[in-house]
Amino acid sequence: MEVFEKVKSLISEQLDVDEEQLDMDTTFEDIDADSLDVVELVMALEEEFNLEISDEEVEKIKTVGDIVSYIENQIS
Amino acid sequence: MTLQGKVAIVTGGSRGIGKEIVLTLAQAGAAVVINYNRETAAAAEVLKKIEEIGGRGLLVQADVTVYAECEKMVKAALDHFGRIDILVNNAGVRRDNLLALMREEDWDLVIDTNLKGMFNCCKAILKPLLKQKSGGRIINISSIAGLTGNSGQANYAAAKGGVIAFTKSLAKELGKRAITVNAIAPGFIETEMTETLPDAVKERVLSHISLERYGKPEEIAEVVLFLAQGAAYITGAVISVDGGLAL
């Protein structure tokens, strides 16, 4: 669950939401994040996990879980 | 020195309006990336002028029609100056002809340079700009032709009109991050680009200019400076600097 914890803390920091509000099924709509917010979040994730997320992948991101599983696949 | 500590990229900065924009921003204290494509000697002259007034500049050769080259230019700017605050999309070409005689390659070159070049540079600068979280200024050089159309310039007018629509769209996308996006629509400015026009055309244009004279590159540069150094509540605007030509 380490990735989930890191992602949660980044989202909370970037988008100013309570970590408690976030689980794997939380959508970005739920936390009032628009697509520009998601782009910025992805930039922070890229830095944190030292990987690159293509624009095509970014478009597919709908939930916190989408991000976590993408990152887990990349770093495993 | 109102732009002290700021970094600007000016595309097509070796000649004409671009050169004047580079010098004006440098004079105001900005570190300026002078982009050029083929005019190596002219670009070096511009850098020399900046250094003579104690300013900071960097020459970056890049063809704005190629995205990878724009990315490289942005990277060079970040490596050298550590940040980017201002992008002036000025690089442009003209290949005038009546549509009946216009070659497909003249359409493509003008659209690729004047319109796609702006897309390439904006896209390349966007993520670094967002990452800085300190707003920014994007200034796109359009043309009066993009507002009114011009016989013999269907390609150029289409590209410059596209610049205006792009500017307004990007202004809407980036407003919430305090990045302003504006366009300037120059009229007839005395540069190498307009020098080659036939005298008959020049005289006809002059007769329509309220201020009864052509514009100077400095008169575009001063509007760029105005937008670059303040103007925090202006975005999505198209500022005509044409002496009244479009009236």
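The values are calculated or read from the model by the stated rules, or taken from the named source; none is laboratory data. Since the structure is predicted, the reported quantities are computational estimates derived from the model, not experimental observations. Reconstructed Cβ throughout: ideal geometry from the backbone, glycine too, with neighbour counts over all protein chains shown. Heavy atoms of the whole protein, side chains included, go into the accessibility calculation; ligands, DNA and RNA do not. Shrake-Rupley method; radii C 1.70, N 1.55, O 1.52, S 1.80 Å.
At-a-glance table
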read-out: GNM result for chain B, Cα springs below 10 Å: residue of B:72, B:127, B:48 fluctuating most strongly; value: B:127
read-out: Per-peptide average of other Cβ atoms within 10 Å, ordering A:19-27, B:27-35 highest first; value: B:27-35, A:19-27
read-out: Cα radius of gyration and Dmax for the stretch A:2-41 (Å); value: 9.3, 26
read-out: Candidates B:148, B:65, B:113, ranked by Gaussian network fluctuation over chain B, Cα under 10 Å, top entry; value: B:148
read-out: Calculated diffusion of chain B, Stokes-Einstein form, Kirkwood radius summed over Cα pairs, 10 °C and 1.306 mPa s, µm²/s; value: 89 µm²/s
read-out: Area projected by the alpha carbon convex hull of the stretch B:129-231, averaged over all directions, nm²; value: 7.6 nm²
read-out: Chain-alone versus full-assembly comparison, the stretch B:90-139, residues with accessible loss of at least 10 Å² (1.4 Å probe); value: B:123, B:127, B:130, B:131, B:133
read-out: Alpha carbon centroid spacing (whole Å) that separates chain A from the stretch B:170-210; value: 43 Å
read-out: Whole-number D in µm²/s for the protein assembly as shown (Stokes-Einstein; Kirkwood sum over Cα pairs; 25 °C, 0.890 mPa s); value: 116 µm²/s
read-out: Among B:23, A:74, B:245 - extreme Cα towards positive end, dipole of the protein assembly as shown, charges at beta-carbon; value: B:245
read-out: Virtual spin-label span in nm between residue B:132 and residue B:44, 7 Å along Cα→Cβ; value: 2.9 nm
read-out: Principal axis dimensions, the stretch B:102-163 - Cα atoms, whole angstrom, descending; value: 44, 23, 10
read-out: Relative counts (whole %) of C-alpha pair distances in chain A, using bins that are 5 Å wide; value: 3, 16, 33, 30, 14, 3, 0
read-out: Accessible surface buried upon B-A contact (total; probe 1.4 Å; Å², nearest 100); value: 900 Å²
read-out: GNM flexibility winner over chain B from B:204, B:103, B:94 (Cα, springs under 10 Å); value: B:204
read-out: Calculated FRET efficiency for the pair residue A:57/residue B:150, C-beta based, R₀ 51 Å, to 0.05; value: 0.75
read-out: The stretch B:72-213: projected area of the alpha-carbon convex hull, averaged over directions, in nm²; value: 10.0 nm²
read-out: The protein assembly as shown - percent of accessible surface contributed by carbon and sulfur, probe 1.4 Å; value: 49 percent
read-out: Nearest-0.05 FRET efficiency for residue A:74 and residue A:12, computed from C-beta distance (R0 30 Å); value: 0.90
read-out: Projected area averaged over orientations for the stretch B:11-157, convex hull of C-alpha atoms, nm²; value: 9.0 nm²
read-out: Per residue accessible area of the protein assembly as shown, 1.4 Å probe, in Å²; value: 50 Å²
